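Data block below; observations after.
The values are calculated or read from the model by the stated rules, or taken from the named source; none is laboratory data. These numbers were taken from a predicted model, which means no experiment stands behind them. When we count neighbours, we look across all protein chains shown, and the Cβ atoms used for this are built from the backbone with ideal geometry, even at glycine.
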Amino acid sequence: MELSQAHLRYLLAIGELSQGKAAVSSTQVARVLQVSRPSVTRMLAVLAEKDLVTKERYGKITLTETGAALAHQLQAGLRDLERRLPALGLDLDREETAAVAGALASVLPEHCLRKLCTTESGGTMGCATP
């Protein structure tokens, strides 16, 4: 399954908002990602087609089992990136470190993103950039 950086950003946002349990709204996703609700609606249709989310019309968004597993792996990769950033000697607080890690992950070249998306067993999660 090919996933773009945008797909991954949405999965991360939904995963973080839902904390793996609760359903979230399009408005919440739009606010976190700073995009329009119509943009969220379009992306959710793509993610639903890939069986990563389910969304009821005018309803809540939930991650499928596959989507939740992928979001969890991406979150683990981001946490690893957050742990590595202080070694660069940047004077960042915890919130800034998280923001930088998220921004960096959203623009990483394909080979770097694939490395972040590598599972402990050495396989990839199907991550790809456009």
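At a glance:
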quantity: Scope the range 9-43; condition touching a strand residue (DSSP E or B) at 6+ places or on another chain (Cβ under 6 Å) and farther than 20 Å from GLY102 by Cβ; matching residues; calculated: ALA23
quantity: Only one of SER26, SER39 that is surrounded by 14 or more Cβ atoms within 10 Å (Cβ to Cβ), at pLDDT below 95 and touching a helix residue (DSSP H, G or I) at 6+ places or on another chain (Cβ under 9 Å); calculated: SER26
quantity: Condition met for LEU33 (in contact with a Phe, Trp or Tyr (Cβ under 8 Å, 6 or more places away or on another chain) and buried (at least 17 other Cβ atoms within 10 Å of the Cβ)); calculated: yes
quantity: Elements of type helices (runs of 4 or more DSSP H) in the range 42-130, at least 3 residues being among the charged types (D, E, K, R) and at pLDDT below 80; calculated: 110-116
quantity: Count of residues meeting criterion [among the hydroxyl-bearing types (Ser, Thr, Tyr) and assigned to a loop (DSSP other than H, G, I, E, B)] in the range 19-41; calculated: 2
